[in-house]
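Notes follow once the structure below has been shown.
The values are calculated or read from the model by the stated rules, or taken from the named source; none is laboratory data. Here the structure is a predicted model, which means the values were calculated and not measured. A quick note on method: Cβ atoms are made from the backbone with ideal geometry, for glycine too, and the neighbour counts reach across all protein chains shown. SASA here: full protein model, heavy atoms, side chains in, ligands and nucleic acids out. Shrake-Rupley method; radii C 1.70, N 1.55, O 1.52, S 1.80 Å.
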Amino acid sequence: MKKIVLIASILGLLLTGCVETTTHWDTSVTNDTVFREDLNKCVYEANLNTQKGMISEYAANERVKKLRDMCLKAKGYKIISKETKNTGKF
């Protein structure tokens, strides 16, 4: 039983490294230039507020995405969809 749990855990970790999520935003409230500026500001602020040396790279990236999304939502943007794809990268 312990072997099955161990194998499942390892497989889960390997598969997590192969998945990439892309978020699509409704930008009809503004133009592309303003959206890009807002996106860059939100990513910059999210990176400033993530202690990358204290957590794993994966956890840091997930935190940056979450903070970025919260920032964009606060600016009035809405998520249209999230697309998950397998990148085949480890």
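For region 21-30, the Karplus equation 6.51 cos²θ - 1.76 cosθ + 1.60, evaluated at θ = phi - 60°, returns couplings of 10, 10, 9, 9, 10, 7, 10, 5, 7, 7 Hz by residue, with Gly and Pro reported as x. Counting only heavy atoms of the protein chains and using a 1.4 Å probe, Glu57 has close to 150 Å² of accessible surface.
Here's how it looks for Trp25: its modeled amide H is under 5 Å from those of Ile80, which are all 5 or more places away or on a different chain.
On full extension of the chain, what length is gained from Thr23 through Ala60, given 0.36 nm per residue of separation minus the C-alpha to C-alpha distance?
Details: separation 37, 0.36 × 37 = 13.32 nm, distance 1.73 nm.
That pair, Thr23 and Ala60, stretches by 11.6 nm at full extension.
Distance between the 7 Å Cα→Cβ label points at Lys73 and Lys52: 2.5 nm. The local environment of Ser56, defined by Cβ-Cβ distances under 12 Å, has a net charge of 0 under the rule Lys, Arg +1 and Asp, Glu -1.
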